[in-house]
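Step one of this worksheet: look at the structure below.
Values in this text are rule-based calculations from the coordinates and carry no lab data. Values in this document were obtained by computation on a predicted structure and should not be read as measured data. Every residue, glycine among them, receives a Cβ derived from its backbone with ideal geometry; neighbour counts consider all protein chains shown.
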Amino acid sequence: MPKTPSTKLKTLISQWIQPLNKNNTNFTTDGTTLFCQVCNKNIPCIKKSQLTQHIDTSSHQEALKRKLTTSKQLFLSESTSKKNVNEFYEDLCMSFVAANIPWYKLQNPQFRAFLEKYTGKHIPDESLLRKNYLSHCYNKTLSNIRNEIGDNNIWFAVDETTDINGRYVANLLVGILKSNNTCRSFLLSCKVLEKTNHSTVSRFVNDELKLLWPFGGNDEKVLLMLSDAAPYMVKTGQSLAVFYPNLIHVTCVAHMFNRIAERVRDMYPDVNKLISNIKKVFLKSPYHVQVYKEILPDIPLPPEPVLTRWGTWLEAAIFNCDNFQGLKKVIEELSGQNSPSQSILKCKTVFDLETVENDLIFIKTHFLVLVTFIKSLEKSNVSLFDSIDLIENTIGKLQKIPGENGNKIKIKIDQLQQKNQGLIILKNVAKVLNGNNEVQLIDNFSPAMITDLQYAPVTSVDVERSFSTYKNILTDRRTSMTPEHMEQNIVINCFQKYS
């Protein structure tokens with residue numbers, strides 16, 4: 001059978017780039033697109049002359065020189081810098097960053113005198129540690145991460161947030177995929193992005209993964225990507241699949257089930273109105289809290305749900321169900337006071353509705369499983385088979401919910417599962433790992449790769465935790481920290497915290 005033009009072109013492109021990738025991976029292709037890893041851009045390549053012209057351009061030559069120089073610096077930085085490193089200063093810098101102690105504390109005379117008295121060492125100025133030792137500690141941490149990862153297959157998780165300064169910040173975590181072995185994740189990079197779209201995030205991931213393997217040649221070892229289900233993240237996964245041929249993109253299962261919880265909130269507007277107004281009643285109101293404690297002395301205050309925190313709205317609904325009569329009594333007492341607030345009056349109006357109590361009972365009966373499930377997903381080092389089994393059991397319970405609202409949940413589950421094609425692949429992998437020999441495996445995956453997915457994660461909770469660390473470091477009293485120093489601080493802090 002004669003080759004098609006596309007097959008011929010794919011063969012020709014592979015032949016053209018083979019000698020150029022002899023020492024380093026400079027060019028990659030998916031058969032239709034040629035990508036220059038050095039210049040980080042696509043190259044139109046129907047004829048070999050187009051590739052030759054690109055190689056001869058000054059921009060490519062300069063980028064190639066920068067790549068070679070950077071690669072050398074990554075491995076020579078430790079040996080060249082050790083000559084001028086004071087070990088005590090280095091340990092002091094590492095300790096302060098690991099414990100998230102601001103360096104300006106060293107300027108406190110009492111604290112400074114204490115350290116000098118009991119260490120017998122001169123305590124350096126904070127600027128000396130920041131300028132001369134922070135980067136050294138950061139490079140040392142990166143070296144430790146490289147040693148931990150080695151040449152193993154890996155997974156990565158990526159997400160972005162907005163910090164206190166209004167900047168778009170992206171975090172990249174990596175972890176080892178290895179059969180019969182669980183492994184912690186590592187925060188590899190934390191960068192400020194100009195904007196958040198599939199192009200900037202793809203470039204961020206591609207550039208930062210090179211920190212692990214500066215000389216390239218390990219693209220086939222990147223097996224799994226975890227992210228939320230935002231459209232630009234889905235497009236990011238599609239873009240990265242060009243560079244990493246074995247990449248499976250899974251959208252976080254915890255995010256997926258939180259979308260179901262959001263659907264529940266939308267189905268019960270009266271309950272949502274009650275929960276939001278109860279939160280307002282006791283927020284920054286000592287008198288209201290006092291009345292509550294007098295009437296319900298042994299019951300804690302109602303939880304304050306935050307929409308961005310998974311499952312907290314359902315927890316509040318279940319609390320209101322368990323303490324419905326007591327809360328109603330508190331609101332009646334407060335509404336009898338002079339000039340009650342609008343939130344109190346709204347709560348009283350909702351409590352007077354006959355349907356609200358029944359709705360709360362239905363929510364607790366059928367959706368308590370969601371709260372328990374989301375908390376279970378937040379655990380680390382769970383095997384893929386156990387994770388998939390937990391997912392299937394939870395979906396099975398949710399699909400048995402009766403009535404019209406039950407049908408709405410079934411439709412939502414089906415929609416979310418169809419969008420998460422990577423999870424469907426992992427479900428098949430879990431079946432094989434459990435002994436099912438009738439499942440068709442991924443074509444380009446070797447048996448060794450399949451076994452390495454034994455402890456593949458299905459959530460991106462670790463990257464969410466890294467943002468909590470980011471907020472603890474970049475407080476409203478440390479907003480002048482540069483993005484470069486912020487990245488160095490958080491990478492060191494996260495590595496030391498979970499060592």
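Relative contact order for the chain: what is it in percent, counting Cα pairs under 8 Å that are at least 6 residues apart? Contact order relative to length: 17 percent. Packing order of peptides 206-218, 333-345, highest average first: 206-218, 333-345 (average count of other Cβ atoms within 10 Å over each peptide's residues).
Just to confirm a number: summing +1 for Lys and Arg and -1 for Asp and Glu over residues other than ALA448 whose beta-carbon lies under 14 angstrom from that of ALA448, what do you get?
-1
Every helix of 4 or more DSSP H residues in the chain counts as -39500 (n - 2.57), and over all residues that averages to -18000 deg cm²/dmol at 222 nm. The trypsin sites (Lys or Arg not before Pro) of segment 397-473 that meet both conditions, a loop assignment by DSSP and at most 12 other Cβ atoms within 10 Å of the site Cβ, are LYS400. Between segment 178-216 and segment 258-303, what is the C-alpha centre distance in whole Å? Rounded to whole Å, the Cα centres lie 40 Å apart.
Report the trypsin sites (Lys or Arg not before Pro) located in segment 294-385 that are in a DSSP loop and have at most 13 other Cβ atoms inside 10 Å of their Cβ, or state none.
ARG309, LYS379
With 25 Å as the limit on Cα-Cα distance, the pairs of LYS140/LYS191; LYS273/LYS412; LYS41/LYS221; LYS279/LYS348; LYS284/LYS375; LYS178/LYS427 that go past it are LYS284/LYS375. Loop-located chymotrypsin sites (Phe, Trp or Tyr not before Pro) in segment 456-499 (DSSP state not H, G, I, E or B) with no more than 16 neighbouring Cβ atoms inside 10 Å: TYR498.
Modelled this way, with points 7 Å down the Cα-to-C-beta line, the labels at TYR232 and LYS431 are 3.7 nm from one another.
Each part reduced to its alpha carbon centroid, segment 309-324 and segment 429-486 end up 29 Å apart. What does the charge add up to near ASN42, with Lys and Arg as +1, Asp and Glu as -1, over the other residues with Cβ less than 14 Å from its Cβ? Local charge sum for ASN42: +1.
Near the amide H of ASP228, within less than 5 Å, lie the amide hydrogens of CYS252, all on another chain or at least 5 residues away, with H placed in the peptide plane. Compute the long axis of helix 134-149 from its Cα atoms, compare it with the longest principal axis of the Cα atoms of the chain, and write down the angle in degrees, 0 to 90, nearest 10. It works out to around 90 degrees.
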